[in-house]
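The values are calculated or read from the model by the stated rules, or taken from the named source; none is laboratory data. None of the values given here were measured: they were computed from a predicted structure. As a convention, Cβ positions derive from the backbone with ideal geometry for all residues, glycine included, and neighbour counts pool all protein chains shown.
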Amino acid sequence: MTPDDAAVGSGTAVSADKPVNLTDPPTLTGLLQRAQAQGLSRLDAQLLLSRATGLTRTGLLADGEQPVAAAAQQQFEHECLRRLQGEPLAYIEGHKEFWSLDLTVNSAVLVPRPETELLVERTLALLPPQPLLVADLGTGSGAIALALAHERPHWSVLGVDRSTAALNVARGNAQRLALGNVDWRCGHWCEPLAGSLYDAIVSNPPYVAADDPALAALRHEPLSALAASDDGYGDLLAIIDQARQHLQPGGWLLLEHGTSQADRLAEALVAAGYARVVCHPDLAGHPRVTEACWPGC
């Protein structure tokens, strides 16, 4: 994740010196108006009030003068404050959609970003649906691994993360989605892959420079999943080096990276012996995913 991704993932934090103050007998419209007056976006206010009341967003507008129960008001007030302090909406709601899959998320994992779906798209485009071994390094919530397992039931997908808390989230998502062709191992990058060769290794590793001021806007998400040494290149280069020992001849390495990192990564991949190095842009036109083939392709 790079500085330009911060707004996509977490939203821009709004200063909030005090909770949303709701002292009058509350109605749906009144609560929405007051939350917005405190700096909450209209959409966030509607989503949080829908969550607190169980009404649809359409229902909130149609029945705007309906009074709100005290418990719902209290929940809404509390969650508005969390959002105003910059906490991602996905953490407040406890879930996030990725690749049409509804995933549980919490502060142990990054919130899955839409641009990461490109990594899934490219993996599916490069590999056939026949039985294959695919590893997802730094799996977090399991978003990438689960999307691949869902789309390719004959693949055996392995999700790797050094955070046991993250793996607990990923395992729970797999169980809830009833995906039995994915497994999980704890470890750092390619360490848990010893003894096996994979048809593809994919990763969305940390790639923000540790001193990048954009990290302040992402302070609610795990820093270890965002920031990397060597001006953001440390983990990317480590994976490029390690993956060579764990790819089948003709196997693919696919990496998500920052918008200014493609050239250096391409040079590193070629120097490490990879072939067919190609970078693909995301929907915003930014260089986002680089793929490379281990000799034999």
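When the range 64-75 is examined, which residues are found to be part of a helix (DSSP H, G or I) and surrounded by 15 or more Cβ atoms within 10 Å (Cβ to Cβ)?
Scanning the range 64-75 gives ALA72, GLN73, GLN75.
Looking for something assigned by TED's automatic domain parsing to the domain that holds VAL202, in a helix (DSSP H, G or I) and crowded, with 24+ Cβ neighbours inside 10 Å - is there at least one such residue anywhere in the range 86-108?
No, there is no match, as no residue in the range 86-108 is assigned by TED's automatic domain parsing to the domain that holds VAL202, in a helix (DSSP H, G or I) and crowded, with 24+ Cβ neighbours inside 10 Å.
Answer with yes or no whether THR29 is of a type in the set (S, T, N, Q), in contact (Cβ under 8 Å) with a residue 24 or more places away in the chain and not assigned by TED's automatic domain parsing to the domain that holds HIS220. Spell out the reasoning first.
Numbers: of a type in the set (S, T, N, Q): yes; in contact (Cβ under 8 Å) with a residue 24 or more places away in the chain: yes; not assigned by TED's automatic domain parsing to the domain that holds HIS220: yes.
Yes, satisfied.
Could you tell me whether any residue of the range 242-265 is closer than 25 Å to VAL111 by Cβ, touching a residue at least 24 places away in the same chain (Cβ under 8 Å) and in a helix (DSSP H, G or I)?
Scanning the range 242-265 turns up at least one residue that is closer than 25 Å to VAL111 by Cβ, touching a residue at least 24 places away in the same chain (Cβ under 8 Å) and in a helix (DSSP H, G or I).
For the range 25-63, what are the residues that are in a helix (DSSP H, G or I) and polar (S, T, N, Q)?
Result: THR29, GLN33, GLN36, GLN46, SER50, THR53, THR58.
Is the range 130-152 home to any residue that is surrounded by 19 or more Cβ atoms within 10 Å (Cβ to Cβ) and among the basic types (Lys, Arg)?
Yes: one or more hits.
May I ask you to say which residue of GLY232, GLY258, GLY195, GLY273 is more than 21 Å from ALA143 (Cα to Cα) and touching a Gly at 6+ places or on another chain (Cβ under 9 Å)?
Criteria check complete, one pass: GLY232.
Exactly one condition in (1) out of contact with any Leu (no Cβ under 7 Å at 6 or more places or on another chain); (2) closer than 18 Å to ALA227 by Cβ; (3) not in a helix (DSSP H, G or I) is not met by GLY140; state its number.
Unmet condition: (1).
Say whether the condition of being of a type in the set (D, E, K, R), part of a helix (DSSP H, G or I) and closer than 27 Å to LEU101 by Cβ is met by at least one residue in the range 218-234. Break it down into steps so the answer makes sense when it comes.
So in the range 218-234, the residues of a type in the set (D, E, K, R) come out as 219, 221, 230-231.
Checking which are part of a helix (DSSP H, G or I) leaves us with 230-231.
From the residues that got through so far, the ones that are closer than 27 Å to LEU101 by Cβ too are none.
So far as the range 218-234 goes, no, none of its residues is of a type in the set (D, E, K, R), part of a helix (DSSP H, G or I) and closer than 27 Å to LEU101 by Cβ.
Just the residues that are basic (Lys, Arg) and within 11 Å of ILE144 (Cα to Cα), please, taken from the range 95-126.
Of everything in the range 95-126, just one residue is basic (Lys, Arg) and within 11 Å of ILE144 (Cα to Cα), namely ARG113.
Residue by residue, here is whether (1) under 21 Å from the mean Cα position of the chain (by Cα); (2) under 17 Å from THR116 (Cα atoms); (3) crowded, with 17+ Cβ neighbours inside 10 Å holds:
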residue: PRO205; (1), (2), (3): yes, yes, yes
residue: VAL208; (1), (2), (3): yes, yes, yes
residue: ILE239; (1), (2), (3): yes, no, yes
residue: GLU256; (1), (2), (3): yes, yes, yes
residue: ALA271; (1), (2), (3): no, no, no
residue: CYS279; (1), (2), (3): yes, yes, yes
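Of all residues in the range 207-217, which are in a loop (DSSP other than H, G, I, E, B) and among the hydrophobic types (A, V, I, L, M, F, W, C)?
Within the range 207-217, just ALA210 meets the criteria.
Could you name every one of the strands (runs of 3 or more DSSP E) located completely within the range 147-206 that has at least 2 residues being of a type outside the set (D, E, K, R), modelled with pLDDT under 95 and under 21 Å from GLY232 (Cα atoms)?
Ranges flagged: none.
So that you can scan it fast, the table gives a plain yes or no per residue for (1) outside any loop (DSSP other than H, G, I, E, B); (2) modelled with pLDDT of 95 or more; (3) outside the structural domain of PRO206 (by TED's automatic domain parsing); (4) farther than 30 Å from GLY39 by Cβ:
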site	(1), (2), (3), (4)
PRO112	no, yes, no, no
GLU121	yes, yes, no, yes
PRO131	no, yes, no, yes
ALA145	yes, yes, no, yes
